[in-house]
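Comments concern the structure below.
Taken together, the values in this text are just the output of simple stated rules run on the coordinates, not laboratory data. Because the structure is predicted, anything quoted here is derived from the model rather than measured. Glycine gets a Cβ as well: all are built from the backbone with ideal geometry, and neighbour counts include every protein chain shown.
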Amino acid sequence: MIIKGISASPGIEIGKSYMLNKAKLAVPQYTISISQIENEAARLQRAIDAAAEEIRQDKQKVFSVMGAEQAAIFDAYLSLLYDPAIIAEVEQRLSKELMNVEWTYEHVTREFSIIFEKLDDDYMKERAPDVRDLAQRVIRKLLGIMPAASHRLTHPVILIADELAPSDVAQLTIDKVMGVILETGGLTSHTVIMMRSKGIPVIVGVEGSALSHIRDDEMIIVDGDKGEVCIEPTQEEWCKYLGCVDGKHVLEQRLDLTRKKPAQTLDGQVIRLSANISMPDEIVEALELGVDGIGLFRTEYLFMDRYAPPSEEEQFIMYRNAIQLLQGKPLVFRIMDIGGDKQVRFYSFPLEENPSLGYRGIRFCLGEPDLLETQLRAILRASMYGKVKVLYPMISSLQQIRAVKVLMKEVEAQLLKEGMAYDPHLEIGMMIEVPAAALLADLFAHEVDFFSIGTNDLIQFTLAVDRMNDKIATPHDSYHPAVIRLVKRALDAGKQSGIPVSLCGEMAGDPAAVPLLLGLGLREFSVGNSSVLKVKDRIGEISIADAEATVNHILGLTDSEQVMQQLTSYMTNPIPIGRK
């Protein structure tokens, strides 16, 4: 029997099912007097503080087994726990309805979760289960009920549940979780993000199927690539999937051997391979993977889930610590790319019809010069501790890059006047992620020290495709001839002007795209930690001469399907068109 869901994390695993049944709390309801309102509000505050301490303990557990990036998810939890809108609504209802605080809090948080579920933004929709989980935490504290018991798994299992919260993940023996099947949940839920970081296949949206059709301790197959669960597989299905699983383990062993090897092509060309990170603690893992540096530090994540932006000193310390971890390897700080799908709590953005095309990136930075100036001061001060570069997002005009260069000079003058040291030779670069920037790359190359191509936005802006919309976005969008030509234009402009060009979008982390990018002239890749070894391994299978000959043929193709077929043909039999 095959039941279908939505693939949220790829991979195939075979194992025994483990049903995670979570008991629902019975919340009492009774009236209170006016004189009790203050006491009920105080009880709520104590319960919230106790829940916060529990969350901090969960954060530490997750940090020890999954790393800093996943542990940071609990910071967002803390912000949501203390959300003033929820607390204010509860206090108002207490005075108006005179019902006990447990019942009032449960109803208010339920209403907030429904509001989140109705939002158009997928990321915000996925905050609904977070609200429900936080409500359960606080209500347990109000009722004096002990925290949920830890799920101590004694053997590898495929976990099955209606809904799985980060608090549940913190209680799991995560190295025993082979796969996850959820009846609810979405692609951007915190739980899915955590599981994806560990390479655990996840299927969500198996509504009414998983819990009713799968028995506890039953052998099943979870296919995270197709979004399918196979129950009671046939002999043919066993053979098919066992081959996939064995092949996966062989690949993992091979990739592990590439850690200490340089990224080098068959014909001896050494390629720079750097990492994309969002938090400083990811640097340790990146170095263990053998990267040449950090090609993209998304600094905006230091600003999110905060009610006030980090101060100059706070930023300076974070940047300095990150630089020192690299011990001389280069680090590229991308200036805060705030706006669009990356909202911050401390700033009220205007209502926009198309946020991705609105007040974001460099537009936000130039519109809020005090925030930008503070960040630049912190980066410049930290630049004394290693090799640092600054990267500006969403540049679309020469005026923008010239404006930030003027501001940089002003900040340098301030620091000089104050007697603060900085690297006067700090390099400035720009993202090529707007078609206008790619088309004018030859002009921009005279204004900056390096380019970094961001294919995520470049693809969606070039093709007018929302890459988060599954109905119109396809995995082949990266291979559209228009995208390929814009990437080539940026690479050619960099080569002609003698400035380095890296590519930091998801396309760089796709092993299938490596021969295409090498053939176009890319010599610097910057990818997520999870893609480092796969890309390094693929680079070692390719010769520059063959890749260039293949690309010469690809540039004459007319659609992405043809490009994909040519790349597949090349990796199957790496003798390009025109060579014998």
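The table below lists the values:
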item: Residue order, fewest to most beta carbons within 10 Å, for S113, S356, S95, S478; result: S95, S356, S113, S478
item: Centre separation in Å (Cα based) which lies between the range 394-441 and the range 303-326; result: 20
item: Förster-model FRET efficiency, 41 Å R0, K495 and A41, C-beta, rounded to 0.05; result: 0.05
item: Pairs from K125/K342; K4/K342; K96/K118; K24/K141; K329/K389 whose Cα-Cα separation, in the structure shown, is over 20 Å; result: K4/K342; K96/K118
item: Size of charge dipole - the chain - debye, nearest 20, with Cβ of Lys, Arg +1 and Asp, Glu -1, no other charges; result: 1160
item: For the range 262-572, the Rg and Dmax computed from alpha carbons only, in angstrom; result: 19.2, 61
item: The range 290-372: Cα Rg divided by the 2.2 N^0.38 Å rule of thumb; result: 1.22
item: Farthest positive-ward along the range 418-560 dipole, Cα basis, beta-carbon charges - from L503, T558, G519; result: T558
item: Cα lying deepest toward the dipole's positive end in the range 262-572, options Y422, Q324, A286, charges on Cβ; result: Y422
item: Protection proxy ranking, peptides 222-229, 495-502, average beta carbon neighbours within 10 Å, highest first; result: 222-229, 495-502
item: Spin-label pair E117/L366, simplified geometry with 7 Å Cα→Cβ offset, distance in nm; result: 4.4
item: Size of electric dipole in the range 34-143: Cβ of Lys, Arg +1 and of Asp, Glu -1, about Cα centre, debye, nearest 20; result: 340
item: Length added when fully stretched, F346-K176, from 0.36 nm per residue minus Cα-Cα; result: 57.2 nm
item: Debye equation applied to the C-alpha atoms of the range 1-73, log10 I(q)/I(0) at 0.22 Å⁻¹; result: -1.15
item: Residues listed by number, the range 517-548, amide nitrogen under 18 Å from L257 label point at 7 Å toward C-beta; result: 533-542
item: Distance (nanometres) between label positions extended 7 Å along Cα→Cβ at K417 and S530; result: 4.8
item: Between the range 484-557 and the range 369-384, the Cα center-to-center distance that results, in Å; result: 32
item: Sorted by Cβ neighbour density within 10 Å, fewest at the top, the residues E506, E353, E126; result: E353, E506, E126
item: FRET efficiency estimate (nearest 0.05) - Cβ-Cβ, E312 to V406, R0 25 angstrom; result: 0.80
item: Largest-first ellipsoid semi-axes for the range 34-143, taking √(5λ) over the Cα gyration tensor eigenvalues, angstrom; result: 26, 18, 9
item: Value at 222 nm in deg cm²/dmol, rounded to 500, when DSSP H runs of n ≥ 4 in the chain each add -39,500 (n - 2.57); result: -14500 deg cm²/dmol
item: Cβ-based exposure ranking for S189, S79, in which fewest neighbours within 10 Å come first; result: S79, S189
item: Calculated FRET value between E447 and D49, using beta carbons and R₀ = 60 Å, to 0.05; result: 0.70
item: Highest to lowest packing among 319-326, 560-567, 398-405, scored as the average C-beta count within 10 Å; result: 319-326, 560-567, 398-405
item: DSSP-defined antiparallel bridges as percent of all bridges, the range 262-572, nearest 5; result: 5
item: The chain - share of DSSP beta bridges that are antiparallel (%, nearest 5); result: 30
item: Linear extension gain, A545 paired with T568, 0.36 nm per residue minus alpha-carbon span; result: 6.5 nm
